[in-house]
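Let me give you the structure first, and then I'll get to my questions.
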Amino acid sequence: MDKINSDSRLFNIETQIILTQTDTTVGFLSQNESKLQTIKARNSTKPFIVVYKNFTFMKEHGKRVPNSQKNRVRRSHKTTFIVKNTAFRIAQDRVDSSVLRSLKWNFSTSANEAGKHFDRNFCEQKADIIVENKSSLHEGVSSFLYKINSRKIKRLR
C-alpha cells in the first residue's frame, strides 16, 4: 500500500520523505539530506547511510569498493559498509512498490526521534509518502556495520 500525503499530483519524488520497512527496520528514505536532518534534529556533520538498489547503481554513483572486498559487498545482506568515511548499503526492495522501484539510491535513517524507539504517530506526521505492505511496519535489528579498506575489515556494530 502506498499512501501519499501531498495535495499536488505533480511532486518530485526525490525531495519527498518516504516511510517504509527497509531490509532491517522501519526507516525514512529520501534523496534530500537536509529534510532528513531536520526531521531527526541531527547534526549536519553526521552523515547518513546511502542505500543503493544494487551494486551497479552504486558504481554509477561514483562509489568504489576495494577489489579485495567486492565479493563481500555484493553478497552481503543487512550490512552497512564504510569506505573512506562514506557509509553505504546495498538493499534490494522487498516491498512491491512502484515508488521505491523508481529510485536507484536514497539517504537512509531509522524512523524515530533521536535516541527513542519507533513511534508510528511521529513517523506518519513527518513522512510525505508511506509505503507499507500487509506485514505492517515494525522495528527490527539495525544492520551490521563494517569499516573496510583493501587490507582489512573492522566490525563496528
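No value in this document is a laboratory result; all are computed from the given coordinates. A quick note: this is a predicted structure, and the numbers were derived from the prediction, not measured. Cβ coordinates were reconstructed from backbone atoms using ideal geometry, including for glycine residues, and neighbour counts include every protein chain displayed.
Using each residue's phi in region 59-74, evaluate 6.51 cos²θ - 1.76 cosθ + 1.60 at θ = phi - 60° and report the 3J(HN,Hα) Karplus result to the nearest Hz, with x for Gly and Pro.
5, 5, 7, x, 8, 10, 10, x, 3, 5, 10, 4, 5, 4, 5, 4
Between their Cα atoms, which of Lys63/Lys126; Lys35/Lys84; Lys78/Lys154; Lys70/Lys154; Lys59/Lys104; Lys53/Lys126 are more than 19 Å away from each other?
Numbers: Lys63/Lys126 30 Å; Lys35/Lys84 25 Å; Lys78/Lys154 16 Å; Lys70/Lys154 15 Å; Lys59/Lys104 11 Å; Lys53/Lys126 24 Å.
Violating the 19 Å Cα-Cα cut-off are Lys63/Lys126; Lys35/Lys84; Lys53/Lys126.
Quick one: what are the phi-derived ³J(HN,Hα) couplings along region 143-153, Karplus 6.51/-1.76/1.60 with θ = phi - 60°, whole Hz, x for glycine and proline?
Each residue of region 143-153 in turn: 6, 5, 10, 10, 9, 10, 9, 5, 10, 9, 9 Hz.
While we're on this one: Would you please classify the overall shape of region 2-155 from the alpha carbon gyration tensor, given that a ≥ b ≥ c denote the square roots of the eigenvalues, rounded means a/c under 1.5, and beyond that prolate means a/b larger than b/c while oblate covers the rest?
Details: a/c = 1.76, a/b = 1.59, b/c = 1.11.
Prolate shape, in that a/c is at least 1.5 and a/b is the bigger ratio.
Spin-label point model (7 Å from Cα, Cβ direction): what's the His77 to Arg155 distance in nm?
Result for the modelled spin labels: 1.7 nm.
What list of ³J(HN,Hα) values in whole Hz, one per residue of region 39-53 in order, does the Karplus curve 6.51 cos²θ - 1.76 cosθ + 1.60 (θ = phi - 60°) give from phi, with Gly and Pro shown as x?
4, 7, 6, 9, 4, 5, 7, 8, x, 9, 6, 9, 9, 9, 5
Here's something else I'd like to know. Sort 19-28, 65-74 by packing, meaning the average of other beta carbons within 10 Å per residue, with the highest value first.
Details: 19-28: 22.0, 65-74: 14.5.
Those peptides, ordered most packed to least, come out 19-28, 65-74.
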